[in-house]
Structure formats: structure tokens, C-alpha cells
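The block underneath contains the structure these notes are about, expressed in C-alpha cells.
All of the numbers you see were taken from the coordinates with simple rules; none came from a lab. Please read these numbers as outputs of a predicted model, since none were measured by experiment. Using ideal geometry, Cβ is built from the backbone for each residue, glycine included, and neighbour counts are taken over all protein chains shown.
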Amino acid sequence: MKKSTPKRKLLLIACSQRKKRDKGLMPALERYDGVNYLVIKKLMREGKFPKNVDIKILSAKYGLIDAETPIPYYNRRMDRQRAVELQTQVKRELNKIAHRHYEETFVNMGKTYLIAMESYNDVLMPAAIKIAEGGIGQKMKRMRDWILSD
């Protein structure tokens with residue numbers, strides 16, 4: 001019996017204020033060190049992070065980037081003005097991946113970051129988008145549960 005291919009899933013996550021300060025470039029997923037990133041990295045170390053989940057990170061400095069995009073240390077906060085400035089870049093990046101036909105998308109970011117993501121309903125399948133709600137602990141748990149679901 002042929003094993004079915006797992007459905008493609010997309011995790012959209014905000015950058016974090018906590019970052020590793022190492023000099024030079026490192027993949028964004030390694031650079032960010034906030035609680036959500038600790039959860040993701042732990043699942044990866046334990047071999048529990050599914051191969052069918054792609055991660056895109058919304059950076060206050062770089063916009064929407066791949067988890068593996070090499071970035072230096074920086075210190076820039078997301079504010080409403082910056083979020084509006086990033087809307088065009090975010091939409092362009094989402095359009096680049098729309099052909100992958102993600103069956104589910106999980107969005108884990110605060111309200112200001114969501115301003116930059118305004119176009120996700122236009123580009124991705126709206127019915128399959130879940131947005132983390134609640135405090136940071138609740139959002140983290142919902143993200144972890146979603147990653148492990150299937």
C-alpha cells in the first residue's frame with residue numbers, strides 16, 4: 001500500500017526581540033531566540049518537527065523571509081509605520097509561495113505584525129488559516145499543538 005504524501009503546511013511567525021548576538025550571518029531561525037523559536041528548535045532537535053511544514057518569518061528589519069535566510073544581529077522593533085511599509089514586500093513574498101497550495105497555515109504574531117500581513121487572506125487559502133490567539137503562552141501552546149497535529 002502506497003503511503004500518502006502529508007499535506008503541505010505553512011507556519012508564519014514573527015521575529016523575536018531576543019536574538020543571538022553572534023557576529024556575522026546565521027539562519028534567521030537560529031538568530032531568533034524567543035520562546036516560540038525555542039519550541040520550534042526543541043521539536044527539531046527531538047526529530048518531531050514535521051518535514052511538511054515550511055516556516056516563514058516576518059522580520060521587522062527584513063520583511064517576510066525564509067527560516068534559513070542568513071541575517072546579522074540587528075535591533076529594530078516593529079511599529080505600525082514599519083508594518084505598513086512592509087505590506088508590499090510581504091504580499092510579493094506570499095505570492096511567490098502561493099503555488100505550493102498549502103492546505104493549512106498557522107499565523108503566530110502580534111497585532112502590529114498582522115498589519116504587515118494584511119494580504120495573506122488574498123493570497124493563501126483563507127478557510128485554512130489559523131491565527132494564534134491569547135497571551136504568549138497560549139499562542140506558543142497552540143502553535144506547538146498545530147505543528148504536531150496530523
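Sort out for me the Cα centre separation of the range 74-147 from the range 1-72, rounded to whole Å. Computed from Cα coordinates, the inter-centre distance equals 13 Å. Take the Cα of Arg8, step 7 Å toward its Cβ, do the same at Asn95, and the gap between the two points is 1.8 nm. Within the range 74-122, the chymotrypsin sites (Phe, Trp or Tyr not before Pro) that combine a DSSP coil assignment with at most 12 other C-beta atoms in a 10 angstrom radius are Tyr74.
Built from the Cα atoms of the chain, the convex hull projects on average onto 9.5 nm², one quarter of its surface area.
Pairs exceeding a 28 Å alpha-carbon distance, out of Lys51/Lys130; Lys23/Lys91; Lys9/Lys42; Lys9/Lys141; Lys91/Lys139: Lys23/Lys91. Note on Asn121 and Arg80: their simple-model spin labels are 1.9 nm apart, each label 7 Å out from Cα toward Cβ. Basic side chains Lys and Arg get +1 at the Cβ, acidic Asp and Glu get -1 at the Cβ, and with that the dipole of the range 28-148 about its Cα centre reaches some 300 debye.
How much FRET efficiency would the formula 1/(1 + (r/R0)^6) give for Leu43 and Tyr73, where r is the Cβ-Cβ distance and R0 is 30 Å, rounded to 0.05? Step by step, r from the Cβ atoms, then E = 0.80.
Phi-derived couplings, Karplus 6.51 cos²θ - 1.76 cosθ + 1.60 at θ = phi - 60°, listed residue by residue for the range 99-105: 5, 6, 6, 5, 7, 9, 9 Hz, with x used for Gly and Pro. Backbone amide hydrogens, once placed in the peptide plane, bring Ile129 within less than 5 Å of Thr105, excluding anything fewer than 5 places away on its chain. Projecting the Cα atoms of Leu29, His101, Leu10 onto the charge dipole of the chain (Cβ charges, centred on the Cα centre) puts Leu29 farthest toward the positive pole. Approximating the spin labels as points 7 Å out from Cα along Cα→Cβ, the Lys141-to-Ala128 distance works out to 2.7 nm.
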